[in-house]
Amino acid sequence: MSRLIERWNSPTRDFTQANVAAAHRLHERSMFDDAALADLLDAYPRDQLGVFTMGDDPVAWKSWRRGDAGSLSGAELLAEVKAGRLWLNLRHTNHVAEAYADLATEIFGQVEADTGAKTFKHDLGLLISSPNAQVFYHLDTPLVMLWQLRGRKRVWVYPREEPFVTDAQIEKVVLGESAEQFDYDPAWDARAEVFDLEPGVMVSWPQNAPHRVENGPMLNVSLSIEFLTPEALLRANVLYANGIMRRTLGHKPGPVETRGVAAIAKFAMARGHKLLSPGRPRSAPVPKTFEVRADKAA
């Protein structure tokens, strides 16, 4: 089998530590054509399918709305995505479809061989989204790779520092107290690194780096792949512990450190807190406010 990743356009030593791009051949496979996508949408559990719509203004992130696919077939739903302003997120597709489980093994086998990274907790999320749709300014707790398969999109990746994001904001996301999206200033675009993705391009960025996405005027299909490394797991737990100490002790943590005894102690504290408070409240999911119907989104 030929390699999926043709070449790395950035040093592989920077993988997970900086913005990194690569060229791939995954878009050449028939598993992403209309018939295959419709079949996957039919097979994917509807109660797990993320269905969203949004406004046009990149600042108005509160226009992000969650909906329901109703009783539409996979082919009908795909047609509505092409005609409307929808963003479908099929999380953990590798846990639902054998072909995607095999794909996860193939992708991470090559990524690990090329970069030396040790990865785990792989989540291959398939994104099927409308012409000109967007994802607002946000950050993710794990590491992310974005593989473009069909269509074109532009991705802005911002520095993981103030004023773009604060450690307190990241802590809220890690603790599940707030949504991943938050306020954004268009003036920040001057400091962003911009990637114009077309089929055959993959990009990744450092853990928790803020970013936003805008589609071109056509159907877009992408893989949004979340994963962890040992260092990323440690960072997430250090942020979790810092958040707990900020809330319970009034502590104001310094810069996030993932080396040394203090980081290990915070890791242990975070893991212990999670075990002792498994039912801790998290931010409620966005309520469903519309249903996708043939020829229109209600």
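Observations on the structure shown:
- Among residues of the stretch 30-79, those that are over 21 Å from residue 151 (Cβ atoms), buried (at least 16 other Cβ atoms within 10 Å of the Cβ) and acidic (Asp, Glu), counted: 1
- Residue in the stretch 177-199 that is over 22 Å from residue 17 (Cβ atoms) and part of a strand (DSSP E or B) present: yes
- Cβ-Cβ contacts under 6 Å between residues 6 or more apart (or on different chains), taken from a first residue in the stretch 17-45 that is within 12 Å of residue 77 (Cα to Cα) to a second residue that is in a helix (DSSP H, G or I), are listed as 37/78; 38/74; 38/75; 38/78; 41/74; 41/77; 42/74.
- Selection count, the stretch 141-172, where residues are assigned to a loop (DSSP other than H, G, I, E, B), among the charged types (D, E, K, R) and surrounded by fewer than 17 Cβ atoms within 10 Å (Cβ to Cβ): 3
- Verdict on residue 82 being surrounded by fewer than 17 Cβ atoms within 10 Å (Cβ to Cβ), assigned by TED's automatic domain parsing to the domain that holds residue 65 and either of a type in the set (Gly, Ala, Ser) or part of a strand (DSSP E or B) (or both): no
- Check on residue 42, within 21 Å of the chain's Cα centre (by Cα), part of a helix (DSSP H, G or I) and farther than 23 Å from residue 199 by Cα: no
- Selection of first residues in the stretch 169-182 that are free of Cβ contacts under 8 Å to residues at least 40 places away in the same chain and within 23 Å of residue 275 (Cβ to Cβ) and of second residues that are among the charged types (D, E, K, R) and outside any helix (DSSP H, G or I), restricted to Cβ pairs under 9 Å at least 6 apart or on distinct chains, gives the following pairs, ordered by first then second residue: 173/140; 173/180.
The values are calculated or read from the model by the stated rules, or taken from the named source; none is laboratory data. Values in this document were obtained by computation on a predicted structure and should not be read as measured data. Cβ atoms come from the backbone with ideal geometry, glycine included; neighbour counts cover every protein chain shown.
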